[in-house]
Amino acid sequence: MVRLISIFVGIGFAFVAMVAFVIGVYGWATEPTEKTAEYTFHLYPRDFQFSFEGPFGRWDQVELQRGYKVYKEVCAACHGLEFVAFRNLADLGYSEAQIKAEAANWQVPGIDPVTGEATTRPGTPTDYFPSPYPNDVAARAANNNAIPPDLSLITKARPNGTDYTASLLTGYTDPNTFQIDGKLLRQEFPDFTVPEGLHFNPYFHSLNIAMAPPLTSTGQVTYDDGTEATIRQMSHDVAAFLTWAAEPKMIERKQTGWAALGFVLFATVLAYLAKQQIWAPVKPKNRKTKPNAS
Amino acid sequence: MSFPWAKQYQPANGFTKWIDEKLPLPRLVYNAVGAGYPVPRNLNYMWNFGVLAGFCLMMQIVTGVVLAMHYAANAQVAFASVEHIMRDVNWGWLMRYAHANGASFFFVVIYLHIFRGLFYSSYKAPREMIWILGVVIFLLMMATAFMGYVLPWGQMSFWGAKVITGLFSAIPLVGEPIQVWLLGGYAPDNAALNRFYSLHFLLPFVIAGTVILHIWALHIPGSSNPTGVEVKSESDTVPFHPYYTVKDGFGLGIFLLVFFTFVFFLPNFLGHPDNYIPANPLSTPAHIVPEWYFWPFYAILRAFTTDFIISAKLWGVIAMFASILIWFLLPWLDRSPVRSGHYRPLFRKFFWFGFMPALLVLFICGGAPAEQPYIMLSQLATAYYFLHFLVILPIVSAMETPEELPYSITQAVLHSDKKPVLGENTSPAV
């Protein structure tokens, strides 16, 4: 009885799925979906090389310091870093005194000790990076209705985030001459437009991004270590800095991983040897004959 | 119950004798996972996953309880409290990555455990109750995992909660009120987050209780084995300890090597980048996908795209729940007298060339965007999935001629076994 009912139910489910299949395939065959410009011309991030990649990766502190300078002088005008505190800059190789001085360069929200009114005060190492806008409405108003996202987690919040960040920053180009494999965007999609206030960037999912090109010329940031600040160099450095900001414990994690794996590997070898020894008496003596299906 | 030749617990000294009289807990452990539990000697590595699943459950509870000490279940601060764990709590990043990847690996282990049960028909009499409890555990795990994924309150957390509770709105008439009642509001917010947190903390202990019943039920007939031939005499078994404790120890080592590789070197590989964006009710992600372990069921949900008597959405919801609930009937759908797929030529063909490819297609389609050709592939695979369990299995198991079984487990391992003569006692004296 159970089987009879179940056969009936099974055929029922399969039938409905197949009805949907036939209708779906018919629709797909008769009304082919047109490929969009976003589908055809969106680019996956380019592969940039970073010192912290791979299982043995390390932070390059000088690179992170350069990246921090790019963030401070360029990105911070519009983007916050809400989960990073000034004290965390110790990871970049700054001393306690340097961090204190650096924090004091930033104005953070505070309360007037006399009147109790909201005001600003110089930052201390325990403060977090301040948001450039008092609230989302102000952020929208200042940016053509698009809120600049907080950057604390940006490299983890995008697929392949570190390369994506560097690719995006170096990816601004002219839509009229943009081509992939000899296919010109202008020819394939003559109706493609970059709306007023947006900027063409093939690494962005919709190809048009609200952020104006932030890095526009060599030397925009003056590096303390004398490195030439090309657009590519600045993009690379700030992507590294934001990767650190998103996951400051990454290197600690990988190094702990080697210790953990080493210990487990040792224990596993011991367990294997113990297993071989314990099982030896009950295993078939003649190992040449293959046990029957076991 | 156990076999007559099972070793008996002998308290070694005055203290253990005293304990054994008052509360025979050491005896219980001895009989459950010690030398007092005789186990078939021919178990292969597919039999390692029960112990590994138990390990995963304990690990999830330990890491979860520690995370709960630092997490704040409030829609305003939940996301930030997770970042606090990642950045400021000592070893917090390890706890969180171990817990998040631990959920994935728990499902890996459970899927292999279920796969073992399906191929070797472990669900057959006399082990139906073990199987039924196992399906209950799996359903509880799915609920727990889903609610746990909501807790970080990222974009996928929020939209996942919205989509899954939205499934209930497909029920005619009472659907919408049920969804509002489940969420405690019209959209996921503080009320939903808090109750999910409460249940996410509670359910693992319900799972642990069900696991105890699962193991209890297992110890009545004893473990199944790859030949599917029941234990006949003492030479068919070895004591659980030390034979299977050491083998499970080795298996645990292999498991941890893979698990740690993910935790320490690829901790976000199984996750979704969108969940590092704080929940935003005003911005829908382009592709809302659940975690990978729900993909096959998500594909079944989305396979029903045509209204047919009832709405397509309701078909999808019913089919998704049915796809797991039909497992409860498996012991009665499969009527073959032979357990192991090794000796069932026709069953084996449908299993490897029908069921497994269909499952793979459902897995891939569940993680893919809802567009062709994924939809039509998942429709074909969904149809096969239901046909396999509800139509093919009952018919094939009734008509196929099984291959010859070994006389006993001992014969399968050693190629010889002293067949008992009528009247001879094969079991050594107790």
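The values are calculated or read from the model by the stated rules, or taken from the named source; none is laboratory data. For clarity, every value in this text was computed on a predicted model and none was experimentally measured. In this analysis, Cβ positions are derived from the backbone assuming ideal geometry, glycine residues included, and neighbour counts consider all displayed protein chains. Side chains are part of the model used for accessible areas, which takes the heavy atoms of the whole protein and leaves out ligands, DNA and RNA. Shrake-Rupley method; radii C 1.70, N 1.55, O 1.52, S 1.80 Å.
Observations on the model:
- The residue that is nearest to the other protein chains (Cβ to nearest Cβ), among those in the range A:223-249 that are under 25 Å from B:F265 (Cβ atoms) and open to solvent by 20 Å² or more (accessible area, probe 1.4 Å), is A:K249.
- Test: residue in the range A:169-180 that is aromatic (F, W, Y) and under 23 Å from A:C75 (Cα atoms): yes
- A:L261 falls short on exactly one of the conditions (1) open to solvent by less than 30 Å² (accessible area, probe 1.4 Å); (2) more than 9 Å from chain B (Cβ to nearest Cβ); (3) part of a helix (DSSP H, G or I); (4) not basic (K, R), and that condition is (2).
Conditions (1) out of contact with any Phe, Trp or Tyr (no Cβ under 8 Å at 6 or more places or on another chain); (2) in contact (Cβ under 8 Å) with a residue 40 or more places away in the chain; (3) in a loop (DSSP other than H, G, I, E, B), marked per residue:
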{"site": "A:Q220", "(1), (2), (3)": "yes, yes, yes"}
{"site": "A:D237", "(1), (2), (3)": "yes, yes, no"}
{"site": "A:F241", "(1), (2), (3)": "no, yes, no"}
{"site": "A:Q255", "(1), (2), (3)": "yes, no, no"}
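The rows are residues; the columns are (1) farther than 15 Å from A:F200 by Cα; (2) surrounded by 15 or more Cβ atoms within 10 Å (Cβ to Cβ); (3) of a type outside the set (K, R).
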| site | (1), (2), (3) |
| --- | --- |
| A:P132 | yes, yes, yes |
| A:A141 | yes, no, yes |
| A:N144 | yes, no, yes |
| A:P148 | yes, yes, yes |
| A:K156 | yes, yes, no |
| A:N160 | yes, no, yes |
| A:T165 | yes, yes, yes |
| A:D174 | no, no, yes |
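- Condition check for A:G219: closer than 30 Å to A:Q65 by Cα, at pLDDT below 90 and not hydroxyl-bearing (S, T, Y): yes
- Subset of the range A:150-183 (residues that are in a loop (DSSP other than H, G, I, E, B), of a type outside the set (A, V, I, L, M, F, W, C) and more than 14 Å from chain B (Cβ to nearest Cβ)): A:G171, A:Y172, A:T173, A:D174, A:P175, A:N176, A:T177, A:D181, A:G182
- Test: B:A68 is touching a residue at least 24 places away in the same chain (Cβ under 8 Å), more than 12 Å from chain A (Cβ to nearest Cβ) and surrounded by fewer than 16 Cβ atoms within 10 Å (Cβ to Cβ): yes
- In the range A:1-49, residue surrounded by the most Cβ atoms within 10 Å (Cβ to Cβ) [restricted to those that are among the charged types (D, E, K, R), in contact (Cβ under 8 Å) with a residue 12 or more places away in the chain and more than 12 Å from chain B (Cβ to nearest Cβ)]: A:R46
- Single unsatisfied condition, B:F350 versus (1) more than 7 Å from chain A (Cβ to nearest Cβ); (2) open to solvent by less than 30 Å² (accessible area, probe 1.4 Å): (2)
- Between B:W327, B:W292, B:W332, the distinction of being open to solvent by 60 Å² or more (accessible area, probe 1.4 Å) and either away from chain A (no Cβ under 11 Å) or under 21 Å from the mean Cα position of the chain (by Cα) (or both) belongs to B:W332 only.
- The range A:91-118: number of residues that are assigned to a helix (DSSP H, G or I), closer than 22 Å to A:E247 by Cα and open to solvent by 50 Å² or more (accessible area, probe 1.4 Å): 2
- Test for A:R232: is it charged (D, E, K, R), on the phi < 0 side of the Ramachandran plot and at pLDDT 95 or above: no
- Pairing residues of the range B:224-235 that are under 12 Å from B:H342 (Cα atoms) with residues that are open to solvent by 10 Å² or more (accessible area, probe 1.4 Å) and of a type in the set (K, R), at Cβ distances under 8 Å and at least 6 apart in sequence or on separate chains, gives B:G228/B:R339.
- Within the range B:86-101, tally of residues that are assigned to a helix (DSSP H, G or I) and within 11 Å of chain A (Cβ to nearest Cβ): 8
- Scanning the range B:119-130 for residues that are surrounded by 21 or more Cβ atoms within 10 Å (Cβ to Cβ) and not polar (S, T, N, Q) returns B:F119, B:Y120, B:Y123, B:K124, B:R127, B:I130.
- Remark: pairs (first residue in the range B:304-322, outside any helix (DSSP H, G or I); second residue not small (G, A, S); Cβ separation under 7 Å; 6+ apart in sequence or on different chains) = B:F304/A:V16; B:F304/B:W315; B:T305/B:I375; B:T306/A:V19; B:T306/A:I23; B:F308/A:V16; B:F308/A:V19; B:F308/B:W315.
- Among the conditions (1) over 21 Å from A:L81 (Cβ atoms); (2) part of a loop (DSSP other than H, G, I, E, B); (3) among the charged types (D, E, K, R), the only one that A:R186 does not satisfy is (2).
- Condition met for A:E188 (of a type in the set (D, E, K, R), open to solvent by 40 Å² or more (accessible area, probe 1.4 Å), over 17 Å from the mean Cα position of the chain (by Cα) and under 30 Å from B:A279 (Cα atoms)): no
- Residue within the range B:361-379 that is polar (S, T, N, Q) and more than 22 Å from B:T306 (Cβ to Cβ) present: no
- Check on B:V51, part of a helix (DSSP H, G or I), without any contact (Cβ under 8 Å) to a residue 40 or more places away in the chain and out of contact with any Phe, Trp or Tyr (no Cβ under 7 Å at 6 or more places or on another chain): no
- Among the residues of the range B:399-416, those identified as within 9 Å of chain A (Cβ to nearest Cβ) and farther than 13 Å from B:R339 by Cα are B:I409, B:Q411, B:A412, B:V413, B:L414, B:H415.
- Filter result for A:G67 (in contact with a helix residue (DSSP H, G or I) (Cβ under 6 Å, 6 or more places away or on another chain) and either away from chain B (no Cβ under 12 Å) or open to solvent by less than 20 Å² (accessible area, probe 1.4 Å) (or both)): yes
- Single residue of B:A100, B:A12 found to be in contact with a helix residue (DSSP H, G or I) (Cβ under 9 Å, 6 or more places away or on another chain) and aliphatic (A, V, I, L, M): B:A100
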